[in-house]
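Remarks on the structure that follows.
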Amino acid sequence: MFKAALFDLDGVVFDTEPQYSVFWGSVCRQYHPEIPGLEHMIKGQTLTQIFDGHFNGMTDAQRDIVTRLDEFEGQMSYDYVKDFPSFVQQLRDHGVKTALVTSSNKMKMDAVLRARPEVAELFDEMLMAENFTESKPSPDCYLKAARRLQADIRECVVFEDSFNGIKSGRSADMVVVGLSTTNPAEKIAPLCDVVVPDYTHLDILQCEKLLRERNNTTKTNN
């Protein structure tokens with residue numbers, strides 16, 4: 001029943017969101033001091049979405065942000081969310097396929113793989129911003145990942161931390177495990193099947209139970 005585990009990157013695989021909050025906080029205060037907390041509003045968005053929504057026509061600002069972001073991502077630390085590697089290994093030992101499904105682009109992923117080359121061995125597929133027609137909160141990325149892994153939506157579990165990512169997984173009609181690494185648990189709980197602070201509080205049996213409950217509810221409603 002549990003065939004595919006689909007993971008976002010920042011805040012789900014790596015505990016990088018605090019670093020991004022510092023970076024985007026600085027950028028947003030510089031260019032948009034009139035919108036306090038903008039760095040929190042844009043979590044989970046692609047760079048294109050951020051530019052289209054808040055830096056449209058600001059060519060010099062966009063160029064400055066891209067330069068600074070590339071430098072920042074090349075130097076930031078990539079520490080795993082607690083027990084992520086062992087959780088993924090447990091899934092793979094039980095035949096569950098894994099995919100990374102991130103709004104980050106290839107340049108960012110190249111930086112990740114330089115810092116953590118073993119990441120490539122943790123996933124059967126890695127999908128980045130360049131692989132999607134529509135970005136989160138559209139379900140496009142997760143539906144595409146399921147097709148890559150030859151899994152039905154009823155066999156997939158999505159792991160997300162941002163509101164846009166959680167909405168993406170929910171729109172794909174998949175079970176969603178929320179990580180409270182970025183947003184408070186009580187804020188994301190209404191959109192998730194379960195919320196955990198890290199992978200010490202999760203195992204494959206719990207994921208299978210969530211899938212059974214969701215699929216039984218779907219059958220009952222039909």
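Seen against the Cα atoms of the chain and their longest principal axis, helix 17-31 is set at about 30 degrees. Under a 5 Å amide H cut-off, with hydrogens placed 1.01 Å from N, residue 14 pairs with 81 among residues at least 5 apart or on other chains.
Computed from phi, the 3J(HN,Hα) profile of the range 91-108 under the Karplus parametrisation 6.51, -1.76, 1.60 (θ = phi - 60°) reads 4, 5, 5, 9, x, 7, 7, 10, 9, 8, 10, 10, 7, 5, 8, 4, 4, 5 Hz, with x in place of Gly and Pro. Separation of the range 1-66 and the range 100-168, taken as the distance between their Cα centroids, equals 17 angstrom.
Modelled spin labels at residue 124 and residue 26, positioned 7 Å past Cα toward Cβ, are 4.1 nm from each other. Helix-only arithmetic for the chain: the sum of -39500 (n - 2.57) across DSSP H runs with n ≥ 4, divided by the residue total, places the mean residue ellipticity at 222 nm at -14000 deg cm²/dmol.
Per residue, the accessible area of the range 1-143 comes to 47 Å², computed with a 1.4 Å probe over protein heavy atoms only.
Tell me, what is the percent relative contact order of the range 12-118, built from C-alpha pairs under 8 Å that lie six or more residues apart? Write down the numbers at each step before the final one.
Numbers: 51 pairs, mean separation 38.0, N = 107.
It rounds to 36 percent for the range 12-118.
What percent antiparallel are the DSSP beta bridges of the chain, to the nearest 5? Around 5 percent antiparallel, to the nearest 5.
Bridgeable lysines around residue 144 (alpha carbons under 16 Å apart, same-chain partners fewer than 8 residues away excluded): 3, 97, 136, 167. Estimated at 0.36 nm per residue, the fully extended path between residue 40 and residue 218 surpasses their Cα-Cα distance by 60.7 nm. Taking Rh as the Kirkwood radius computed over C-alpha pairs, what is the Stokes-Einstein D of the chain at 10 °C in a medium of viscosity 1.306 mPa s, expressed in µm² per second? Calculated translational D: 89 µm²/s.
Carbon and sulfur together cover what percent of the accessible area of the chain at a 1.4 Å probe radius?
Numbers: 5150 of 10540 Å².
Carbon and sulfur atoms account for 49 percent of the accessible area of the chain.
Rg and Dmax over the alpha-carbon atoms of the range 61-109 stand at 15.5, 48 Å.
The values are calculated or read from the model by the stated rules, or taken from the named source; none is laboratory data. Owing to the predicted nature of the structure, the values given are computational and were not obtained by experimental measurement. Virtual Cβ from ideal backbone geometry, glycine too; neighbours counted across all protein chains shown. For accessibility, only protein heavy atoms count, side chains too; no ligands or nucleic acids. Shrake-Rupley method; radii C 1.70, N 1.55, O 1.52, S 1.80 Å.
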